[in-house]
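Asks: What follows is a single structure, and I will ask about it in a moment.
The values are calculated or read from the model by the stated rules, or taken from the named source; none is laboratory data. These numbers were taken from a predicted model, which means no experiment stands behind them. Positions of Cβ are generated from backbone atoms using ideal geometry, with glycine treated the same way; all protein chains shown enter the neighbour counts.
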Amino acid sequence: MRFTKILLGAALLLASLAARADAIAALNEFASAAKSGRAVFTQTVLSPDGKRKKSSSGTFEFQRPNQFRFAYLKPFEQLIVGDGQKVWLFDPDLNQASSRRMSQALGATPAALLAGGQIGRDFEFKLLPNERGLEWVQALPRQSDGSIQELKLGFRGKELAALELVDGFGQRSQLEFSELQLNVKLAAERFRFVLPAGADLVEQ
């Protein structure tokens, strides 16, 4: 009887390890096979004490290497575009844009994980326990600048479903993806930013 329990325990452990290994495989497959993609996202930002919460939503598009577009639609519009050379941020309400060189802006960020060319060069990965029906992988920056404390991705099978990060101030951001489409044809204009007429530009 005891031997049967040991065998059962070993089988459950192996099954658990296999499932967790699938999360790393799913991440590697996403990084190598997904050359482009688009999705709808919802983002929830929690204060360090967990008491204050802000929610937003929009669309995300990417094309490797290092081209991406976050278009926030609700509750306020905001646009973040990475064109491969620079990262642009545009606030329609202020009619103001800012830009930074890609090498300075990307670093160990979610955009680097989702759209970067060589994520294995910038991150090492650690399996985490399954949570909320997802298999999680922690991304540990090989060179940390202190702006991000924790970064992890959640997979449902082979599909990227969520991303969570804790910044240097302890603020937690949770992104959930839906309607994910991979290797779709995206117009080059989606990853170009043209300064609107009359808008101010701040270059950093």
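Every residue, every condition in (1) over 14 Å from the mean Cα position of the chain (by Cα); (2) assigned to a strand (DSSP E or B), yes or no:
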| position | (1), (2) |
| --- | --- |
| Leu113 | no, no |
| Arg121 | yes, no |
| Glu124 | yes, yes |
| Pro129 | yes, no |
| Trp136 | no, yes |
| Phe155 | no, yes |
| Leu160 | no, yes |
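Asks: Select, from Asp122, Asp83, the only residue that is touching a strand residue (DSSP E or B) at 6+ places or on another chain (Cβ under 7 Å) and over 30 Å from Ala199 (Cβ atoms).
Replies: The conditions single out Asp122.
Asks: Can you confirm whether Glu189 is outside any loop (DSSP other than H, G, I, E, B), touching a residue at least 60 places away in the same chain (Cβ under 8 Å) and surrounded by fewer than 12 Cβ atoms within 10 Å (Cβ to Cβ)?
Replies: no
Asks: How about segment 114-141: which of its residues are in contact with a helix residue (DSSP H, G or I) (Cβ under 6 Å, 6 or more places away or on another chain), of a type outside the set (D, E, K, R) and within 15 Å of Gly157 (Cα to Cα)?
Replies: Listed by number, the residues that qualify are Leu127, Val137.
Asks: Say we look at segment 56-85 and pick out the residues that are charged (D, E, K, R), part of a strand (DSSP E or B) and in contact (Cβ under 8 Å) with a residue 40 or more places away in the chain; which of these is surrounded by the fewest Cβ atoms within 10 Å (Cβ to Cβ)?
Replies: Checking each candidate, the answer is Asp83.
Asks: Touching a Gly at 6+ places or on another chain (Cβ under 7 Å), surrounded by fewer than 18 Cβ atoms within 10 Å (Cβ to Cβ), modelled with pLDDT of 90 or more and assigned to a strand (DSSP E or B): is that true of Gln181 in this structure?
Replies: Spelling it out, Gln181 is indeed touching a Gly at 6+ places or on another chain (Cβ under 7 Å), surrounded by fewer than 18 Cβ atoms within 10 Å (Cβ to Cβ), modelled with pLDDT of 90 or more and assigned to a strand (DSSP E or B).
Asks: Does Arg192 satisfy being of a type in the set (D, E, K, R), modelled with pLDDT under 95 and on the phi < 0 side of the Ramachandran plot? Before you say what the answer is, go through the steps one by one.
Replies: Numbers: of a type in the set (D, E, K, R): yes; modelled with pLDDT under 95: no; on the phi < 0 side of the Ramachandran plot: yes.
It is false that Arg192 is of a type in the set (D, E, K, R), modelled with pLDDT under 95 and on the phi < 0 side of the Ramachandran plot.
Asks: Kindly indicate the residue of segment 40-70 that is over 17 Å from Thr109 (Cβ atoms) and of a type in the set (A, V, I, L, M, F, W, C) and also nearest to the chain's Cα centre (by Cα) among those meeting that condition.
Replies: So the residue we want is Val40.
Asks: Would you mention how many residues in segment 87-111 are buried (at least 17 other Cβ atoms within 10 Å of the Cβ), outside any loop (DSSP other than H, G, I, E, B) and either out of contact with any Pro (no Cβ under 9 Å at 6 or more places or on another chain) or acidic (Asp, Glu) (or both)?
Replies: Qualifying residue count, segment 87-111: 8.
Asks: Same structure again: So is Ile119 out of contact with any Asp or Glu (no Cβ under 8 Å at 6 or more places or on another chain), surrounded by 12 or more Cβ atoms within 10 Å (Cβ to Cβ), closer than 24 Å to Pro65 by Cβ and of a type in the set (Val, Ile, Thr) or not?
Replies: yes
Asks: Within segment 157-170, can you find the residues that are buried (at least 16 other Cβ atoms within 10 Å of the Cβ) and touching a Leu at 6+ places or on another chain (Cβ under 7 Å)?
Replies: Selection gives Leu160, Ala161, Ala162, Leu163, Leu165.
Asks: Moving to a separate point now. What residue, of Asn95, Asn130, is under 29 Å from Ala25 (Cα atoms) and in contact (Cβ under 8 Å) with a residue 40 or more places away in the chain?
Replies: None of the others qualify; the one that does is Asn130.
Asks: What pairs come out if I take residues in segment 25-51 that are over 19 Å from Gly157 (Cβ atoms) and pair them with residues that are at pLDDT below 85 and of a type outside the set (S, T, N, Q) whose C-beta lies under 8 Å away, six or more apart or interchain?
Replies: Short answer, once both residue conditions are applied: Leu46/Arg52.
Asks: Take the residues of segment 162-178 that are in contact with an Asp or Glu (Cβ under 9 Å, 6 or more places away or on another chain) and assigned to a loop (DSSP other than H, G, I, E, B): which is modelled with the highest pLDDT?
Replies: Gly170
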